[in-house]
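Step one of this worksheet: look at the structure below.
The values are calculated or read from the model by the stated rules, or taken from the named source; none is laboratory data. All values derive from a computational prediction rather than experimental measurement. So basically every Cβ, Gly included, is an ideal-geometry build from the backbone, and we count neighbours across all protein chains shown.
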């Protein structure tokens, strides 16, 4: 995490009481911000971090932006699942490096996409596997990379239910 983001966090709330931890765990992720800035305080279970936007779009660049977190989630999940598979099979995988970039492209320029109208989000993922693996092992680990839970969530239907606090809608 960006050291600036850690330094600017409100340390008076950095330690959660048992009651606070219980409340935070249901819901698991809580994001709080003010109406005058992009900077957001995030808690996920007992973890605390921040999100912001780059200065070029009005943020202070004090923390990663939401797309950075989306890519980090996919990259971490990919790396974790590949490593787990290699450990289970006792394959000689030394290191995993997952590099990701996000862009917006015209849907008509995407050969494999079903939708041909408007713009779509594209995430390019490059997986580097280091170690004396066979070609077959590398191939199997790449299949695992394409099947991590976050990858599946992003490439399958997602149902996001947005409702006001205290409402039943």
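Some notes on this structure:
- Remark: residue 20 matches the filter, which requires a residue to be at pLDDT below 95, in a helix (DSSP H, G or I), touching a helix residue (DSSP H, G or I) at 6+ places or on another chain (Cβ under 9 Å) and on the phi < 0 side of the Ramachandran plot.
- Any chance residue 84 is part of a strand (DSSP E or B) and over 30 Å from residue 35 (Cα atoms): no
- Filter result for the condition that a residue is surrounded by 13 or more Cβ atoms within 10 Å (Cβ to Cβ), closer than 15 Å to residue 148 by Cβ and either touching a helix residue (DSSP H, G or I) at 6+ places or on another chain (Cβ under 7 Å) or outside the structural domain of residue 139 (by TED's automatic domain parsing) (or both), over 71, 81: 81
- Residue check, residue 122 part of a helix (DSSP H, G or I) and surrounded by fewer than 15 Cβ atoms within 10 Å (Cβ to Cβ): no
- Subset of the stretch 114-136 [touching a residue at least 12 places away in the same chain (Cβ under 8 Å) and either under 24 Å from the mean Cα position of the chain (by Cα) or within 22 Å of residue 152 (Cβ to Cβ) (or both)]: 119, 120, 121, 122, 123, 124, 125, 126, 127, 128, 129, 130
- Any chance residue 159 is out of contact with any helix residue (DSSP H, G or I) (no Cβ under 9 Å at 6 or more places or on another chain) and surrounded by fewer than 12 Cβ atoms within 10 Å (Cβ to Cβ): yes
One line per residue, one yes/no per condition, for (1) touching a strand residue (DSSP E or B) at 6+ places or on another chain (Cβ under 7 Å); (2) surrounded by fewer than 13 Cβ atoms within 10 Å (Cβ to Cβ); (3) at pLDDT 95 or above:
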position: 101; (1), (2), (3): yes, yes, yes
position: 117; (1), (2), (3): no, yes, no
position: 128; (1), (2), (3): yes, yes, yes
position: 139; (1), (2), (3): no, yes, yes
